[in-house]
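Encoded as structure tokens, the structure appears first; notes follow it.
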Amino acid sequence: METKPTHEQAQLQLQVYEQRREARLRQARDWFFKNYLVENFDDAMRIAAPGTEGGAFAMMVLGYWDQACALLNYGLLHEDLFFETTGEFFGVWEIAKAMVPQARERYQNRQFLGHLEKAAQRYEAWIEKRSPGHVAAMRGFMKQMRSPATKAA
């Protein structure tokens, strides 16, 4: 039998959500989903170089979700509650994952976005048990929304 979230886990979940509503992070999230079109680390540096507004926005989004996923991975957040109410982290991982191996190598940091990656892998297995085909549909939708033809429209 699955466990129910504790009161403390529910409170922390609400605090994580409340931080997402912060104005600058909302602006960064909007920018990220519209502009962070990367296929490798060089794309990431071109689009969101350190010291630029894009770089700040990208790191705000990536850092926020890696931190939220760290809380999940350490058991401070209830996994089912997090997965049932928080899908954006998976979309962020899907967008960023192509550049992560090169970023880890360049930064000499094997942990870079490791919490986000671990949570995304667990989410994929979790959602496929409950809604088979969801991940493939989501990836197709994201690919369509990020295609040059869609961006030009």
key: GNM result for the chain, Cα springs below 10 Å: residue of 64, 74, 36 fluctuating most strongly   = 74
request  = Let me know the longest stretch in the chain that avoids all GluC sites (Glu not before Pro) found in a DSSP loop with at most 11 other C-beta atoms within 10 Å.
outcome  = 40-153
remark   = Flagged as over-length at 23 Å C-alpha distance, from 4/97; 34/97; 34/143, the pairs are 4/97
remark   = Given the candidates 10, 147, 49, the one whose Cα lies deepest towards the positive end of the charge dipole of the chain, counting +1 at each Lys or Arg C-beta and -1 at each Asp or Glu C-beta, is 147
message = Given an 8 Å cut-off on Cα distances and at least 6 residues of separation, report the relative contact order of the chain as a percent.
response = 23 percent
remark   = Longest principal axis of the chain (C-alpha) makes with the long axis of helix 23-35 (C-alpha) an angle, in degrees to the nearest 10, of 60 degrees
message = Taking the full set of protein chains and a 1.4 angstrom probe, give the accessible area of residue 12 in square angstrom, rounded to the nearest 10.
response = 40 Å²
request  = Pop out the ³J(HN,Hα) list for the stretch 52-65 in order, Karplus 6.51 cos²θ - 1.76 cosθ + 1.60 with θ = phi - 60°, rounded to Hz; leave Gly and Pro as x.
outcome  = 9, 4, x, x, 5, 4, 4, 5, 4, 5, 5, x, 4, 6
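The values are calculated or read from the model by the stated rules, or taken from the named source; none is laboratory data. Note that the structure is predicted; figures quoted are calculated from it, not measured. Methodologically, a virtual Cβ is constructed for each residue, glycine included, from the backbone with ideal geometry; neighbour enumeration extends over all protein chains shown. Quick note on the areas: whole protein, heavy atoms, side chains included, nothing else; ligands and nucleic acids left out. Shrake-Rupley method; radii C 1.70, N 1.55, O 1.52, S 1.80 Å.
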